[in-house]
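*Asks:* The structure follows.
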Amino acid sequence: MNLTTIAKATVHEAEMIPMKACTFKLTKSNNSSDEESLINRKLPKELLLRVFSFLDVISLCRSAQVSKYWHMLALDGINWQRIDLFSFQRDVEGSVVEGIAKRCGGFLKTLSLKGCQCVGDAAMKSFALHCANIEDLNLSGCKRITDSTCVSLGRHCPKLSKLCLRSCPLLSDASLRALSAGCHSLITLDLSWCENITEYGIEALSRGCNKIRILVLDGCVGVNDSALFHVARHCRELRKLNITTCSEITDEGVIRIARSCPELACLGVSGCTQLTDAFLIALSQNCPQLVTLEMAKCSQVTDNGFQALTRGCRIIERLDLEECVQLTDATLSYLSTGCPRLEKLSLSHCELISDDGIRILGSSACASERLTVLEVDNCPLLTDSGLEHLAFCHSLQRVELYDCQLITRTGIRRLRSHLPNVKVHAYFAPVTPPPSIGGSRRRYCRCCVIL
């Protein structure tokens, strides 16, 4: 069944959908009719509606083809409070969204149009007019929508609390001003890769939507320290902030967030290459609830920063330190004593990490009880001896060892003998073919063998 059928189901409530669109056949129409009548007689309308409420979009549309009575029940707005059309993203057009909006009206609370690239402003305007009670809206990847959509949402959807606008490249600061004016209940907002957003839009947003707890700004290259100043000033209940690859961010912006948002639990600053140990010190002093820290490619941080961090942030569970190239085994020593809840740790491309660091980590309480994922690919100093120190990490589920050239298959087999359920991801280049006798055959390099 495609979305054309669904559109018909939602718009033409009194008109039966042709049975040929259905994927099943009723071989004995009289008996089936009798059974259906029996169900309708035995079960009250309220109970049938309750049954229909557990069905997904496809099942509801199929049920609507059984009879006029079931058509009415299946397409009752109360059954369409939560709709996810991601599976139909290639088929969904504006008319489908408009049909759903008219059918569901005030019942609809959650709608996902993720990846529906054919949906535009006109459909979203109709949606906003009919679905004023919408609370959770996902428009990720709807590349045709513009600021006009956010204007409609700001005018007609005051209960909107969760909004995803990820990868909607036509949006600008005007969208944030519109949301600020009308969506004061907004708690979660994802603006990742909306590259036209600047500090001025963030200022307007933070003033009007000061209840925001989750703000995702990955890839918003126009976001700078001034934008974070506005967030810190107005959104003091912030729990999660992602500013990955916002290269203009410096220590000052993150320090202001740390000092103003003491309940911060998740912070993503990967690719913010100007950050130094100063921001880690600020987190340690102000954010004791920090659970997740993603800071890949923050190449200026050193062991000193983690010595400070582990003193104040002792409930960290997930830590991404990929390409933090100045870190040494000392950081693993600080983590092993200061982060007893550590579950996932990435040290990829931390080329100064050695077997001693893995030994310290492997013998810690956090490793033996909680550590589930360890990524140490491209750590050239690690050897089979380092793997042996992971033998007592009983919770370990996955280890990444790509391009650890001193680790052998034998070392991996020994680790698996202690931890039979662990998944080890490694790569061993094929052996270069030996030179031919007499030089009559051409020699191939290792790259050619791989290719």
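*Asks:* Being surrounded by fewer than 17 Cβ atoms within 10 Å (Cβ to Cβ) and over 30 Å from GLU46 (Cα atoms) is the filter here, so list the residues in the stretch 67-90 that pass it.
*Replies:* Residue satisfying the conditions is ARG90 alone.
*Asks:* Return a yes/no flag: does the stretch 360-374 have any residue that is assigned to a loop (DSSP other than H, G, I, E, B) and more than 32 Å from the chain's Cα centre (by Cα).
*Replies:* For the stretch 360-374, residues assigned to a loop (DSSP other than H, G, I, E, B) and more than 32 Å from the chain's Cα centre (by Cα): present.
*Asks:* Within the stretch 170-183, is there a residue that is of a type outside the set (Val, Ile, Thr), within 22 Å of CYS272 (Cα to Cα), buried (at least 22 other Cβ atoms within 10 Å of the Cβ) and at pLDDT 95 or above?
*Replies:* So far as the stretch 170-183 goes, no, none of its residues is of a type outside the set (Val, Ile, Thr), within 22 Å of CYS272 (Cα to Cα), buried (at least 22 other Cβ atoms within 10 Å of the Cβ) and at pLDDT 95 or above.
*Asks:* Consider THR432 against the criteria (1) modelled with pLDDT of 95 or more; (2) out of contact with any Ser or Thr (no Cβ under 9 Å at 6 or more places or on another chain); (3) among the polar types (S, T, N, Q): it satisfies all of them except one. Which criterion is unmet?
*Replies:* Going through (1) modelled with pLDDT of 95 or more; (2) out of contact with any Ser or Thr (no Cβ under 9 Å at 6 or more places or on another chain); (3) among the polar types (S, T, N, Q) one by one, THR432 breaks only (1).
*Asks:* With the requirement that a residue be touching a helix residue (DSSP H, G or I) at 6+ places or on another chain (Cβ under 9 Å) and hydroxyl-bearing (Ser, Thr, Tyr), what does the stretch 261-318 give you?
*Replies:* Residues satisfying the conditions are THR276, SER284, THR302, THR310.
*Asks:* Also, quick follow-up: State which residue pairs qualify: first residue in contact (Cβ under 8 Å) with a residue 12 or more places away in the chain and inside the stretch 106-118, second residue of a type in the set (Lys, Arg) in any location, beta carbons under 6 Å apart, and separation of 6 or more residues or different chains.
*Replies:* Close Cβ pairs satisfying both conditions: THR110/ARG82; GLN117/LYS143.
*Asks:* When you check ASP225 against the structure, is it touching a helix residue (DSSP H, G or I) at 6+ places or on another chain (Cβ under 7 Å) and of a type in the set (D, E, K, R), yes or no?
*Replies:* yes
*Asks:* Would you point out which residue out of SER126, SER167, SER161, SER140 is touching a helix residue (DSSP H, G or I) at 6+ places or on another chain (Cβ under 7 Å) and either polar (S, T, N, Q) or open to solvent by less than 10 Å² (accessible area, probe 1.4 Å) (or both)?
*Replies:* SER126
*Asks:* Of the residues that sit in the stretch 59-101 and are assigned to a helix (DSSP H, G or I) and touching a Gly at 6+ places or on another chain (Cβ under 7 Å), which one is farthest from HIS130 (Cα to Cα)?
*Replies:* Across the stretch 59-101, the extreme among qualifying residues is PHE86.
*Asks:* Filter the stretch 361-389 for residues that are hydrophobic (A, V, I, L, M, F, W, C) and surrounded by fewer than 20 Cβ atoms within 10 Å (Cβ to Cβ) and give the result.
*Replies:* As a first pass, look at the stretch 361-389 and keep what is hydrophobic (A, V, I, L, M, F, W, C): 361, 365-367, 371, 373-374, 376, 379, 381-382, 387.
Once the filter is applied, which keeps residues that are hydrophobic (A, V, I, L, M, F, W, C) and surrounded by fewer than 20 Cβ atoms within 10 Å (Cβ to Cβ), the stretch 361-389 yields ALA365, VAL373, LEU381.
*Asks:* Do you know which of the residues in the stretch 408-429 that are part of a loop (DSSP other than H, G, I, E, B) and small (Gly, Ala, Ser) is farthest from SER348 (Cα to Cα)? Lay out the reasoning, then the answer.
*Replies:* Looking only at the stretch 408-429, we keep the residues that are part of a loop (DSSP other than H, G, I, E, B), and these are 408, 419-422, 426-429.
Keeping just the survivors that are small (Gly, Ala, Ser) gives 426, 429.
Values: ALA426: 13, ALA429: 19 Å.
Out of the qualifying residues, it is ALA429.
*Asks:* For GLU343, state whether it is open to solvent by less than 60 Å² (accessible area, probe 1.4 Å), acidic (Asp, Glu) and within 29 Å of GLN405 (Cβ to Cβ).
*Replies:* Against the criterion (open to solvent by less than 60 Å² (accessible area, probe 1.4 Å), acidic (Asp, Glu) and within 29 Å of GLN405 (Cβ to Cβ)), GLU343 qualifies.
*Asks:* Just one of the numbered conditions (1) open to solvent by less than 10 Å² (accessible area, probe 1.4 Å); (2) farther than 19 Å from CYS118 by Cβ; (3) out of contact with any His (no Cβ under 8 Å at 6 or more places or on another chain) is not true of VAL96; which one?
*Replies:* (2)
*Asks:* While we're here: Looking at the stretch 143-158, which of its residues are open to solvent by less than 50 Å² (accessible area, probe 1.4 Å) and under 15 Å from HIS130 (Cβ atoms)?
*Replies:* Within the stretch 143-158, THR149, SER152, LEU153, CYS157 qualify.
The values are calculated or read from the model by the stated rules, or taken from the named source; none is laboratory data. A quick note: this is a predicted structure, and the numbers were derived from the prediction, not measured. Ideal geometry is used to build each Cβ from the backbone, glycine not excepted, and the neighbour counts take in all protein chains shown. Side chains are part of the model used for accessible areas, which takes the heavy atoms of the whole protein and leaves out ligands, DNA and RNA. Shrake-Rupley method; radii C 1.70, N 1.55, O 1.52, S 1.80 Å.
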